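FYI, it's all coordinate maths here, none of it is from the lab. The structure displayed is predicted, hence computed values, not measured ones. Positions of Cβ are generated from backbone atoms using ideal geometry, with glycine treated the same way; all protein chains shown enter the neighbour counts.
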Amino acid sequence: MSFFGEQTRVQQANTAVQQAHDSIFGGGGQSSTDEKNIESLPALEYSSKMIESVLPRLAALCVENLKKIDSEQNFKFLVSCVICQNNGTGLHKGSACLWNADTDSSIVVRFENPELICLSTVFAIHL
């Protein structure tokens with residue numbers, strides 16, 4: 001069975017990735033999984049220089065959080081994050097994979113605050 005084959009795992013993964021988003025970007029964001037405002041840290045303001053340091057940290061934190069869910073260590077995780085300024089411009093993202101559809105899967109988690117939009121795509125590949 002794929003990592004995201006059970007609704008419980010999908011919810012756990014969404015929460016794990018959203019926690020990474022909140023940790024890096026701060027509060028005040030809305031996610032695709034929870035439309036409530038999160039008031040923890042002040043919201044991180046968008047700047048092109050900030051992206052260079054934030055993207056590797058965000059992707060690594062997502063993988064770290066996801067590994068905690070996979071207690072049997074049966075999956076590899078690949079996380080791809082896209083960040084853009086929230087100024088009304090469009091964002092289009094696509095991906096394609098050659099994999100075993102019975103065991104491998106993916107999800108996309110969205111984070112948005114007044115300053116930025118982040119889409120994190122998680123690929124779970126069975127070992």
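Quick notes on this one:
- Dipole magnitude (debye, nearest 20) for the range 7-126, charges at Cβ of Lys, Arg, Asp, Glu: 180 debye
- 0 to 90° range, to nearest 10: angle between helix 7-25 axis and the chain longest Cα axis: 30 degrees
- Loop-located trypsin sites (Lys or Arg not before Pro) in the range 57-127 (DSSP state not H, G, I, E or B) with no more than 14 neighbouring Cβ atoms inside 10 Å: K93.
- Using distinct alpha-carbon pairs, which all enter the 1/r mean, Kirkwood radius of the range 7-126 in Å: 14.8 Å
- Likely footprinting exposure, H92, H21, fewest C-beta neighbours within 10 Å first: H92, H21
- Pairs of lysine residues in the chain - Cα separation under 25 Å, sequence separation of 8 or more or cross-chain: 7
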